[in-house]
1. Provide a single number: the residues in segment 157-204 that are assigned to a helix (DSSP H, G or I), touching a helix residue (DSSP H, G or I) at 6+ places or on another chain (Cβ under 9 Å) and surrounded by fewer than 22 Cβ atoms within 10 Å (Cβ to Cβ).
2. Only residues that are part of a loop (DSSP other than H, G, I, E, B) and among the basic types (Lys, Arg): list them for segment 61-94, please.
3. What are the residues in segment 1-54 that are among the hydroxyl-bearing types (Ser, Thr, Tyr), modelled with pLDDT under 95 and under 23 Å from Arg159 (Cβ atoms), if any?
4. Considering only segment 3-40, how many residues are assigned to a loop (DSSP other than H, G, I, E, B), loosely packed, with under 12 Cβ neighbours inside 10 Å and among the β-branched types (Val, Ile, Thr)?
5. Hey, can you tell me all the residues within segment 120-149 that are over 10 Å from the mean Cα position of the chain (by Cα) and either at positive phi or acidic (Asp, Glu) (or both)?
6. Among the residues of segment 40-65, which ones are in contact with a Phe, Trp or Tyr (Cβ under 7 Å, 6 or more places away or on another chain) and small (Gly, Ala, Ser)?
7. Filtering segment 67-113 down to residues that are within 30 Å of Phe238 (Cβ to Cβ) and surrounded by fewer than 18 Cβ atoms within 10 Å (Cβ to Cβ), which residue is modelled with the highest pLDDT?
8. Restricting to segment 41-59, name every residue that is among the small types (Gly, Ala, Ser) and either over 16 Å from Ala125 (Cβ atoms) or exposed (fewer than 15 other Cβ atoms within 10 Å of the Cβ) (or both).
Amino acid sequence: MRFTTEQRFDDGVLEREFVLGDIPGILWTPASMSAPAPLILLGHPGGLRAMYPRLVARARHCAAEGFAAATLELPGSGDRPRSATADEARADLRRAVAAGEPVDDEIVDRLVLPLVEQAVPEWRAALDALLALPEIRGPVGLAGGVISIGVRLAVVEPRIAAAVLFAGSYVPRAVVEEARQVAVPLLVLLQWDDEGNDRQMALDLFDALGAEEKTLHANTGGHTGVPAFEGDDANRFFVRHLT
């Protein structure tokens, strides 16, 4: 892991871009730190540069509660090499949705499962590097991103103590079964009118999640219409479980 740039915002939050091998990422740390800060991993659907305005707003919101936040570019996104298989599956999915047809399980598997298999080890490697920094400590929270990646991380990564998941993508049936093994506290956000999400699939996944403590917040509106107050609720959730 190597830091490449840094800047400090007017609220004192320090932003440092890094590369993990050849994978880009960003770390944000709070303005004043009397002790190492708990870490929140900020997931996203891919494309760090395109997602940057939303990511930096989320990170600064986390920092206001004393949390460090970090994110990593997803496989096949941004400047990383494209996956022809994923691009083909994504095109097939869009055609099915545009035609009002059911999305075949095989399409979802082709699109999501290879992404999960590659991304999860990368996020775990990033955790190794981030938690080795003197200003960062566990426990770790996970917030947002591709929900199938979040489910897998919550199952296999013992350093993750709580997760806020965004129900906004198609989920392979294998991941729904894997969700029964999730044991950490969960807050799941669902946009009821999400034009790109199968609402029943999201509800089925929530039902399958094995966590003893799990909460579903459903709000009206489309995919990008998550109310601002959900960020405050997410912070309170992480304060309860990470501090």
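1. Initial filter on segment 157-204 (assigned to a helix (DSSP H, G or I)): 173-181, 199-204.
Right, trim to touching a helix residue (DSSP H, G or I) at 6+ places or on another chain (Cβ under 9 Å) and you get 173-181, 201-202, 204.
Then drop every residue that is not surrounded by fewer than 22 Cβ atoms within 10 Å (Cβ to Cβ), which leaves 173-174, 176-178, 180-181, 201, 204.
The total comes to 9.
2. As a first pass, look at segment 61-94 and keep what is part of a loop (DSSP other than H, G, I, E, B): 64-67, 73-83.
If the condition is that a residue be part of a loop (DSSP other than H, G, I, E, B) and among the basic types (Lys, Arg), then Arg80, Arg82 are the ones that fit.
3. Scanning segment 1-54 gives a single hit, Ser34.
4. Number of matching residues: 0.
5. Glu122, Asp128, Glu135
6. Ala59, Ala63
7. Leu113
8. Narrowing segment 41-59 to residues among the small types (Gly, Ala, Ser): 43, 46-47, 50, 57, 59.
Within segment 41-59, Gly46, Gly47, Ala50, Ala57, Ala59 meet the criteria.
The values are calculated or read from the model by the stated rules, or taken from the named source; none is laboratory data. Treat the numbers as computed from the prediction; the structure is a model and nothing was measured. In this analysis, Cβ positions are derived from the backbone assuming ideal geometry, glycine residues included, and neighbour counts consider all displayed protein chains.
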